[in-house]
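The values are calculated or read from the model by the stated rules, or taken from the named source; none is laboratory data. In this text, all values refer to a predicted model and were calculated from it rather than measured experimentally. Please note: Cβ atoms are built from the backbone with ideal geometry, for glycine as well, and neighbour counts cover all protein chains shown.
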Amino acid sequence: MIQSNYPPLHVAIILDGNGRWAKKRHLPRLMGHKAGADNIRPVVRIFAKHGVKYLTLYAFSTENWKRSKIEVAGLLNLLARKLDTETQACHQENMRLIHLGRLYRLPQKLRKKMEVAIELTKNNTGIVICLAFDYGGRDEIVQAIRRIVNANVPDSKIDEVAVGQYLYTHGVPDPDLLIRTGGEVRLSNFLLWQTAYSELYFTPVLWPDFGPKDIEEALSEYKRRERRFGNV
């Protein structure tokens with residue numbers, strides 16, 4: 001029997017339920033996204049206090065571009081504002097930010113803000129926040145294959161370790177625990193390669209309401225899991 005390593009080194013979260021949170025309160029969807037964005041740093045702090053070293057947040061998928069132009073523009077503006085107001089605070093708290101996804105597809109000003117935040121926090125030694133924005137698991141694998149081909153890597157040298165070096169998450173350990181809020185029970189194209197042996201935890205709690213008690217419950221459930229990685 002192989003018990004879970006505790007605390008988990010890396011927790012990944014699918015931030016789901018912002019729209020439903022707003023609908024329940026008869027608010028515009030963007031108000032739900034704002035409430036969800038406001039919940040990020042408090043949640044990061046709690047996981048950091050529990051000893052988690054990496055926290056990946058699935059905030060905007062490659063498929064989310066298909067949403068209405070108004071909602072997409074609102075999400076991009078929300079990220080820009082959060083980078084303006086949160087970057088220095090995260091830096092002062094020794095948090096490090098990295099980006100997962102197609103950074104080059106973001107609007108130029110937003111891309112610059114993200115690059116500034118990444119550069120400012122790159123030497124911080126506290127919790128690493130991996131922000132998956134314009135991210136898709138299948139797209140990540142496709143991009144990795146293209147980079148391997150462009151690098152002329154011999155087929156005899158292509159193995160799981162080699163592929164991992166061309167993923168967005170190169171240098172980041174695979175998630176021990178994946179949490180999805182909002183009640184849906186699927187991965188939605190998130191970290192498909194990296195979650196091969198992750199423990200999965202689904203909660204009906206909507207992301208803006210996900211707080212200390214919910215985090216305790218998720219970590220307690222993880223602690224009870226037995227991780228065998230194919231062993232008996």
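Residue check: S156 meets all listed conditions (1) of a type in the set (G, A, S); (2) over 28 Å from K122 (Cα atoms); (3) touching a Pro at 6+ places or on another chain (Cβ under 8 Å) but one, namely (3). Residues that are among the small types (G, A, S) and either in contact with a helix residue (DSSP H, G or I) (Cβ under 7 Å, 6 or more places away or on another chain) or over 19 Å from H33 (Cβ atoms) (or both) were ranked within the range 80-116; the one that is modelled with the highest pLDDT is A80.
Whenever a residue of the range 56-76 is more than 22 Å from Q194 (Cβ to Cβ), its partners that are in a loop (DSSP other than H, G, I, E, B), lying with C-beta atoms within less than 7 angstrom and at least six residues away or across chains, give the pairs L76/P107.
Criterion applied to L131, L167, L120 was being in a helix (DSSP H, G or I) and of a type outside the set (V, I, T), and the one residue passing it is L120.
Screening A196 against (1) within 26 Å of D134 (Cα to Cα); (2) in contact (Cβ under 8 Å) with a residue 24 or more places away in the chain; (3) out of contact with any strand residue (DSSP E or B) (no Cβ under 9 Å at 6 or more places or on another chain); (4) not hydroxyl-bearing (S, T, Y) leaves a single unmet condition, (2). Please work out if G19 is under 15 Å from G211 (Cα atoms) and among the small types (G, A, S). So G19 does not fit the description; no.
Taken together, the criteria place K223 among residues that are in contact (Cβ under 8 Å) with a residue 40 or more places away in the chain, surrounded by fewer than 21 Cβ atoms within 10 Å (Cβ to Cβ), part of a helix (DSSP H, G or I) and of a type in the set (K, R). What pairs can you find where one residue is in the range 134-158 and within 18 Å of A12 (Cα to Cα) and surrounded by 18 or more Cβ atoms within 10 Å (Cβ to Cβ), the other is small (G, A, S) and modelled with pLDDT of 95 or more, and their Cβ atoms are less than 6 Å apart, with a gap of 6+ or different chains? Listed by first residue and then by second, the contacts come to D134/G101; Y135/G101; G136/S61. Every condition in (1) touching a His at 6+ places or on another chain (Cβ under 9 Å); (2) buried (at least 20 other Cβ atoms within 10 Å of the Cβ) is met by I40 except one, and the failing one is (1).
Identify, please: which residue in the range 97-126 is basic (K, R) and surrounded by 14 or more Cβ atoms within 10 Å (Cβ to Cβ) and is, among those, farthest from L76 (Cα to Cα)?
So in the range 97-126, the residues basic (K, R) come out as 102, 105, 109, 111-113, 122.
Keeping just the survivors that are surrounded by 14 or more Cβ atoms within 10 Å (Cβ to Cβ) gives 102, 111, 113.
Values: R102: 14, R111: 10, K113: 12 Å.
Once the filter is applied, the top-ranked residue is R102.
With respect to (1) small (G, A, S); (2) in contact with a Lys or Arg (Cβ under 8 Å, 6 or more places away or on another chain); (3) within 19 Å of C90 (Cβ to Cβ), the lone exception for A117 is condition (2).
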